[in-house]
Amino acid sequence: MTAYIALLRGVNVGGITVRSAELQTLFEDLGFDEVRTVLASGNVVFGSEAHETSAALKARIEQGLRDRFRYDAWIVLVTRDELERAVDGFPFDADDATRQPWVIFASESSVVDELAAFDADPDVDPIARGDGVIYWNPVKGTTLGTPFAKLLARARFKPTTTNRNLRTLRKMLG
């Protein structure tokens with residue numbers, strides 16, 4: 001069995017409410033094992049013995065979300081091993097209480113390339129490329145107004161990216 005994590009984009013914000021229990025039930029109905037949700041921000045840890053490509057699995061989950069919850073659903077799907085590498089690779093001081101340790105996940109490698117190429121001011125928007133992710137460590141309270149934040153907020157990234165705080169990711173692995 002492969003352990004996966006589905007990172008849902010845009011749930012429980014902007015009028016899209018998906019309760020954790022309903023989300024867990026959906027994943028169980030889709031045939032997944034050992035399903036658990038983490039926090040109320042669209043994080044689902046599950047196992048699958050299906051012999052599907054990641055792309056097919058992602059598409060099936062997104063369709064299930066659309067059908068059940070009636071919203072335009074996008075996820076980033078990673079394996080547990082990929083998530084562990086992302087957490088272990090965080091290059092900034094994760095214990096710096098003045099900063100927010102973010103990991104940006106993308107479902108397309110070209111998006112990671114584009115985000116990594118952003119000409120960021122390292123004092124305002126410290127970013128670094130990781131294995132299939134972008135690390136971002138802005139000052140607390142600035143995560144909506146920095147140049148990199150404004151880049152991430154562009155509509156073209158909505159279907160392919162999602163971000164999680166490093167502390168949330170550690171809870172998913174715990």
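Things worth noting here:
- Identity of the residue in region 1-19, under 17 Å from Thr168 (Cα atoms) and not in a strand (DSSP E or B), that ends up modelled with the lowest pLDDT: Asn12
- For region 142-174, a residue qualifies if it is surrounded by 14 or more Cβ atoms within 10 Å (Cβ to Cβ) and over 18 Å from Leu83 (Cβ atoms), and the qualifying residues are Thr142, Thr143, Thr146, Phe148, Ala149, Leu151, Leu152, Phe157, Lys158, Pro159.
Residue by residue, here is whether (1) among the small types (Gly, Ala, Ser); (2) more than 24 Å from Trp102 (Cβ to Cβ) holds:
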residue	(1), (2)
Ala3	yes, no
Gly10	yes, no
Ala21	yes, yes
Glu28	no, yes
Ala50	yes, yes
Gln63	no, yes
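- Conditions (1) under 24 Å from Ala6 (Cβ atoms); (2) without any contact (Cβ under 8 Å) to a residue 40 or more places away in the chain: number failed by Arg170: (2)
- The strands (runs of 3 or more DSSP E) located wholly in region 20-138 that include 2 or more residues which are β-branched (Val, Ile, Thr) occupy 33-37, 43-48, 75-79, 102-106, 133-136.
- Within the set Val87, Val76, Val139, the sole residue that is under 21 Å from Ala40 (Cα atoms) and surrounded by fewer than 21 Cβ atoms within 10 Å (Cβ to Cβ) turns out to be Val87.
- Pairing residues of region 46-72 that are within 18 Å of Met172 (Cβ to Cβ) with residues that are among the β-branched types (Val, Ile, Thr), at Cβ distances under 7 Å and at least 6 apart in sequence or on separate chains, gives Phe46/Val35; Gly47/Thr2; Ser48/Thr2; Lys58/Ile75; Ile61/Ile75.
The values are calculated or read from the model by the stated rules, or taken from the named source; none is laboratory data. Please read these numbers as outputs of a predicted model, since none were measured by experiment. Using ideal geometry, Cβ is built from the backbone for each residue, glycine included, and neighbour counts are taken over all protein chains shown.
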